[in-house]
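Before any comments, here is the structure.
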Amino acid sequence: MASLFSSRLSSRSLSLLINIFFIFLIYLHFASQNPSPSGSIQTLNSLAGGDSESCSGGLASLDDHRSKCSYIRSQSKCGPQGYIDYLKILFCIFGQSPVLGHLVLSVWLFVLFYLLGDTAASYFCPSLDSLSKVLKLSPTMAGVTLLSLGNGAPDLFSSVVSFTRSNNGDFGLNSILGGAFFVSSFVVGTICVLIGSRDVSIDRNSFIRDVVFLLVALCCLGLIIFIGKVTIWVALCYLSIYLLYVGFLSVSHFFDRKKRMSEQILRSREDLAEMGVPLLGDITEEKLVLPEKTSQEFKIVFEDPPKRHRSCFSVLVSIIGLPLYLPRRLTIPVVREEKWSKPCAVVSTAIAPVLLTELYCSHYSGSKRNLILYIVSGSIGLILGILAYLTTEKSHPPKKFSLVWLLGGFTMSVTWTYMIAQ
């Protein structure tokens, strides 16, 4: 009991520190958006070589941290690639103490990894598990379809956005191949270390099948890079590798399941034959003996649990944790029994289309078009919120249209994974 209490206390302390640091970095992000002095912009442009040089090259030619800060503010090529301007935080706020700035950004990297893991554990994995049950997918099929889609969607979206926003059409595969290498080496290695002491066996045929298809995909990619160009037919053929992989896996899984069912039926028949028990026999009636419960015991069993009064410290911890918890809770539909909340479900269905629109508009400019998209998404969100309010109950998750709710939760959890990765 003491170890359980201490583990819970340490977990809450870690969560508290992460939330406090999250609030601190958001403050730094807004503090770094102050306008820069305009008097030295021309001088900085001439010193840094104008727009012909990259941002890193321009910063290397400057020595003073104030000059670097002004240069970053004045150059569009030094703009952020994601949602937070890390260069402004590093050179404008922590310009006089770069070591502290690197330390803060390193801790922020840890916070992002925590957010990724918590989003996957609290939202993505439960949605994946529920979708697999509703669609009646085996763990193997769910792993190569839904799980692969969830893991690969952030890389897909970021790569497509990077390609469509580039002026010269350059398209790098380093991030995709790096992600595949990271998953196949670091993640697998970590899992092997954690389960090394347990007796866990891996299906040899499945492992060889997956490795062969991965090598085929890499060989085809190397051939495309060697040729130096991609046509629409080459792209379709490359996509067909994944479809062929899923189809092959489905067929092999079907025959394996049929074989296991036949072996199980044969084994049960052999067990019945060895026992020599007739299928239909005389069964003597036996009365079901129930344990007697006194009224006092029933009172203890069915009595409402005592209400626990929360301390001021626990309330403060909950309030500090809202910046990390509330945005995801109000945009990701959750239909699990233990976490069901009708108000949160209604709000999430109403806000989710607006969040998707904001994510899209953050990559593409055009104020008039963006305004139309916001109006359309707001109208769709309002309609979905009204439908969610009319078709759900306060006491339990919706029984009807559960697949739609699960798809919405799965989509928004993948969206949050992409946003955190950015």
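Nothing in this text is a laboratory measurement; each read-out follows from the coordinates by a stated rule. Since this is a predicted model, take the numbers as computed values, not measurements. We place every Cβ from the backbone using ideal geometry, glycine too, and count neighbours over all the protein chains shown.
Key figures
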| quantity | calculated |
| --- | --- |
| Spacing of the two label points (7 Å from each Cα toward its C-beta) at Arg267 and Leu244, in nm | 3.6 nm |
| Ascending count of other beta-carbon atoms within 10 Å, so fewest first, for Leu59, Leu371 | Leu371, Leu59 |
| Order of Cys78, Cys312 - criterion: other Cβ atoms within 10 Å of each residue's Cβ, fewest first | Cys312, Cys78 |
| Selection of trypsin sites (Lys or Arg not before Pro), region 193-232, meeting DSSP coil and at most 15 other Cβ within 10 Å | Arg198, Lys229 |
| Zone residues, region 396-422, relative to Leu326, backbone N less than 14 Å from point 7 Å out along Cα-to-Cβ | none |
| Shape of region 73-150, Cα gyration tensor, a/c cut at 1.5 | prolate |
| Pair Lys136, Asp64: separation of 7 Å Cα→Cβ label points (nm) | 7.4 nm |
| Unit charges at the beta carbon, dipole of region 53-123: most positive-side option, Ala121, Pro98, Ala60 | Ala60 |
| Cα Rg, Dmax (largest Cα-Cα span) when computed across region 325-421, Å | 13.9, 44 |
| Full-stretch length increase - Ser252, Ala121 - with 0.36 nm per residue and alpha-carbon distance subtracted | 44.2 nm |
| Linear extension gain, Ser362 paired with Tyr389, 0.36 nm per residue minus alpha-carbon span | 6.7 nm |
| Loop-located chymotrypsin sites (Phe, Trp or Tyr not before Pro) in region 329-398 whose Cβ has at most 15 other Cβ within 10 Å (DSSP) | Tyr364 |
